[in-house]
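Right, one structure below, let's go through it.
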Amino acid sequence: MSSRDEILRRVRDALGGERGTAPPVPRGYARRLTAEEAATRADVLALFTERVAENRAAVRHVAADDVGTAVAAALWGREAKQIVVPADLPFGWLAELEGVRALADAPALDAETLAASDGAVTGCAAAVARTGTVVLDGGRAQGRRALTLVPDYHLCVVHADQIAGTVPEAVARLDPARPLTWISGPSATRDVEGVRAPGPHGPRHLEILVVED
């Protein structure tokens, strides 16, 4: 059999052969966290916190009534003077800010303004405990991608009920037609020797506030 024939055979097999029936899709990946990983909801949150830290991002748990104070403390800790935020960011998240200028991305801020800002504050669409990942889809309190990819610091507020155990569980909550951005730690890369280093794209500092309602 020639290479061409082999390629065509594989294409036919992938399309379901001559009868047009699709091959079975393996479902082994679509599973929840095991009892060893997380037996309770509290364990899911603990696993998320552990994996976020392993990804070299900062993470703190806060009460719902303390989000504004926690956001302000995080920005003051970085000595931020100017931040950018989605136009629909909940007002209470910035209510405690003093001495920090918050620019709403409406109309859309130019790249120079984003780059000159000390960071961005957003919410998220979902999060994954097993991988320590947050997912943004441009929905409420998230804004467009440039808002979190250009500034050097990203402060992301994640509500506890947004944290799914596994990637398949998170995917089930998301709309695949939306622009999904999956973030597992700050921007990073590895050199030829496998040494981790700050990446050339995206924020080099990621901080996550887990809000326990």
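No value in this document is a laboratory result; all are computed from the given coordinates. Note that the coordinates shown come from a computational prediction; the quantities given were computed from them, not determined experimentally. Cβ placement follows ideal geometry from the backbone for every residue including glycine, while neighbour counts extend to all protein chains displayed.
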per DSSP, antiparallel bridges as share of beta bridges in the chain, % nearest 5, sits at 30 percent
Taking semi-axes √(5λ) of the Cα gyration tensor in Å as the quantity of interest, determine which of (1) 37, 22, 17; (2) 31, 22, 16; (3) 38, 16, 13 was computed from the displayed structure. (1)
Which value in nm describes the separation of the simple spin-label points at residue 40 and residue 115, placed 7 Å from the Cα toward the beta carbon? 5.0 nm
With -39,500 (n - 2.57) per DSSP H segment of 4 or more residues and division by the full residue count of the chain, the 222 nm estimate, nearest 500 deg cm²/dmol, is -7500 deg cm²/dmol
